[in-house]
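What follows draws every value from the coordinates through simple rules; no lab data is involved. Small disclaimer: the values here were computed from a predicted structure and weren't measured. Because the Cβ atoms are built from the backbone with ideal geometry, glycine has one as well, and the counts that use them run over all protein chains shown.
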Amino acid sequence: MAFPKRQAAIVGTYTTQQARSLERTSASLEVEAIKGALVDAGLTPGDVDGVVPMAASAEAPHRPEMYWAAQFGGRPMSYGELGYPNGVTKAALAISAGLANVVVVFWGKAGWKIGPGSKPVPENAPRAFDWAGDVHGAYMTPWYAMWAQRYMHEFGVTSEDLAEVAVTHRYHATLNPDSVMGPRGSLTVEDVVGSRMVASPLHLFDCAIDTDGGYAIVVASAEVARGCRGKPVWVIGGGQATHTDGYVTVDPPWFPDGGHSVRRSGDIAFGQAGVTRDDIDVAGLYDCFTITLIRDLEELGFCKLGEGASYVKEGHTRLGGSMPANTDGGLLSNTHCGLPHGLFTIEVARQLRGECGQRQVPGAKIGVSLAQGAAVHGYAGTLIMAVD
């Protein structure tokens, strides 16, 4: 399947402060991130002719693409309306089709939390759609907990095995001065399994943190990219896939050999890029829970079904391993700012540009990022990037 290789590149990235709580508005974080990413690229707001907001925010709850196009003087077109789960693929395709030259993908979150705790307890009978799981507790954490329990049963994986993911990502976070949890120091397996139970078998440190923050990514045409300030990170493959409704349905078998959405999006992206799994130098893989990272590895084809925990335990995803992953600390220890999907692409792009300091992967040339939700059978976006 063809993909317009090296017709679009990531030329600028920016992340705002990430913290448990910021006395900011979501829009102010997005403005800061957009300006910062454009400065990083050596471009100006007047160069932007496309916008991809990741989703609606408190300040732009309806039609956010129209709100943000107006902030740029009404010039930019919106591509994909919302960037979830992988706005960079949409931006690159728009550019390669000649619809734009400079597209900004962005997100900001402040002043609200994710999960059931963010909502007041209703005084009357709850009102929800027909298949809503919220009314009986089926939100993200219990959903992934059921999934983890089944996986552990089928493949003989233990809580200690899951904990290896959290330990690795916290180690990476200690090398990232901008991470939320890195300053707290490293973790051990005993720390993870000894932390309080949130939803069995997931302990506190098996779960992503809930933070505020923003980010932006500037994607430009090849002509523009070659004149930008930094090294272009070329988009060489991208795919998205959807399998089933979020946090509601699990089709049996839960873990098919053929995989679901992540497998599909990954196969598309790798086929387009013309590279193999062995060619990947660095990865950013969605890690909202420890079990998620393990399943990402299997679904993307880096190891076989049931082998994800062993792959992590053997050190493949750790700095110095065969494919370091989530080198910023990931959602478990860096930040989870509501819709953090672009952060994986930002970290991989910075690795490919050699900008990561103590956590730099030497000689990284090809990377992959994965954005997903509602478990690996839900929706997914895989992006493959390379530098010359």
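A few notes on this one:
- For Kirkwood radius over Cα pairs in Å, the value computed from the atomic coordinates appears in the list (1) 21.9; (2) 23.3; (3) 20.8 under label (3).
- Net lengthening on full extension, L204/R75 (0.36 nm per residue, minus Cα-Cα): 41.9 nm
- Contour minus Cα-Cα distance for E23 and V39 (0.36 nm per residue): 3.3 nm
- Unit charges on C-beta of K, R, D, E only; dipole of the chain, Debye: 700
- Once you reduce the range 315-367 and the range 240-291 to the center of their Cα atoms, the two points are 18 Å from each other.
- Rounded to 0.05, the FRET efficiency of the T188 and D278 pair, given R0 = 30 Å and the Cβ-Cβ distance, is 0.45.
- Couplings 3J(HN,Hα) for the range 5-19, derived from phi with the Karplus relation 6.51 cos²θ - 1.76 cosθ + 1.60 (θ = phi - 60°), are 5, 6, 9, 9, 9, 6, 10, x, 9, 7, 10, 6, 4, 10, 7 Hz, where x marks Gly and Pro.
- Computed over the alpha-carbon atoms, the range 1-55 gives an Rg to Rh ratio of 1.07, Rh here being the Kirkwood radius from the mean inverse distance.
- Computed from phi, the 3J(HN,Hα) profile of the range 201-213 under the Karplus parametrisation 6.51, -1.76, 1.60 (θ = phi - 60°) reads x, 8, 8, 3, 7, 7, 10, 5, 7, 10, 9, 9, x Hz, with x in place of Gly and Pro.
- Adding -39500 (n - 2.57) for every DSSP H run of four residues or longer, then dividing by how many residues the chain holds, sets the calculated 222 nm ellipticity at -9000 deg cm²/dmol.
- Unsatisfied cross-links (Cα-Cα over 27 Å) in the set K231/K304; K90/K313; K5/K313; K35/K231: K231/K304; K90/K313; K5/K313
- Coil-residue trypsin sites (Lys or Arg not before Pro) of the range 304-362, DSSP, other Cβ within 10 Å capped at 12: K304
- Note on the range 251-338: Cα-only Rg and Dmax are 13.0, 37 Å.
- For the pair R229 and A97, the difference between a 0.36 nm per residue extended length and the Cα-Cα distance amounts to 45.1 nm.
- Distant-in-sequence amide contacts of K109, defined by a placed amide H-H separation under 5 Å and a gap of 5 or more residues or a different chain, comprise G213, G214.
- Relative contact order [Cα under 8 Å, 6+ residues apart], the chain, whole percent: 25
- Spin-label model, M197 to A55: label points 7 Å out along the Cα-to-beta-carbon direction sit 2.9 nm apart.
- Net charge in the neighbourhood of V189 (other residues with Cβ under 15 Å of its Cβ; Lys, Arg +1, Asp, Glu -1) is -4.
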